[in-house]
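First comes the structure, then the notes that go with it.
The values are calculated or read from the model by the stated rules, or taken from the named source; none is laboratory data. On a predicted model such as this, the values are computed, not experimentally measured, just so you know. Glycine also receives a Cβ, built like all others from the backbone with ideal geometry; neighbour counts cover every protein chain displayed.
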Amino acid sequence: MKRIRGPAALAALLMLTGCSGYSIAPSEPSSNESAFLDAWHQRYPKDKDSDALNVAKSICKAFKAGTSYKDEVSRLITLGSHVTPDDAGAMIGMATTGFCPAYSTLR
């Protein structure tokens, strides 16, 4: 059995546990989704669009619920297989820039 690693594993876990708060319907991505996906795939070229979008939406949802930057980094590292602090920071940066810019200055 092939193991899923990194952001894709995190997205799968978030979907299985119902934490993603976002479902992907087959459609063309919006312009901000396209820009986000372009940035995401530069860093994680093998990830599915739906996995990347689920991770981003879960990050924004966590910040809207009051999660601190430090706690969100910890959560991403804990939930994801082989997610490093650098990966978590990059995921947060891309997610907040693309979907919840009000939280883009959190650190």
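In region 33-54, the residues that are farther than 19 Å from residue 76 by Cα reach residues that are hydroxyl-bearing (Ser, Thr, Tyr) and surrounded by fewer than 18 Cβ atoms within 10 Å (Cβ to Cβ) with C-beta atoms within less than 9 angstrom, at least six apart or across chains, in these pairs: 35/97. If I ask for residues that are among the β-branched types (Val, Ile, Thr) and free of Cβ contacts under 8 Å to residues at least 24 places away in the same chain, which ones from region 83-107 would you list? Within region 83-107, 84, 105 qualify. Assuming residue 53 fulfils every condition listed in (1) in contact with a Ser or Thr (Cβ under 8 Å, 6 or more places away or on another chain); (2) aliphatic (A, V, I, L, M); (3) buried (at least 23 other Cβ atoms within 10 Å of the Cβ) apart from one, which condition is it? Answer for residue 53: the failing condition is (1). No other residue among 106, 76, 53 is under 26 Å from residue 31 (Cα atoms), outside any helix (DSSP H, G or I) and touching a helix residue (DSSP H, G or I) at 6+ places or on another chain (Cβ under 8 Å) apart from 106.
Number of residues in region 65-85 that are among the acidic types (Asp, Glu) and modelled with pLDDT under 95: the value is 0. No other residue among 67, 97, 84 is surrounded by 15 or more Cβ atoms within 10 Å (Cβ to Cβ) and within 19 Å of residue 40 (Cα to Cα) apart from 97. Under 14 Å from the mean Cα position of the chain (by Cα), modelled with pLDDT of 95 or more and small (Gly, Ala, Ser): does that describe residue 62? Against the criterion (under 14 Å from the mean Cα position of the chain (by Cα), modelled with pLDDT of 95 or more and small (Gly, Ala, Ser)), residue 62 qualifies.
Across region 79-103, the qualifying residues are those that are part of a helix (DSSP H, G or I) and of a type in the set (Ser, Thr, Tyr), and the one among them that is farthest from residue 36 (Cα to Cα) is 103.
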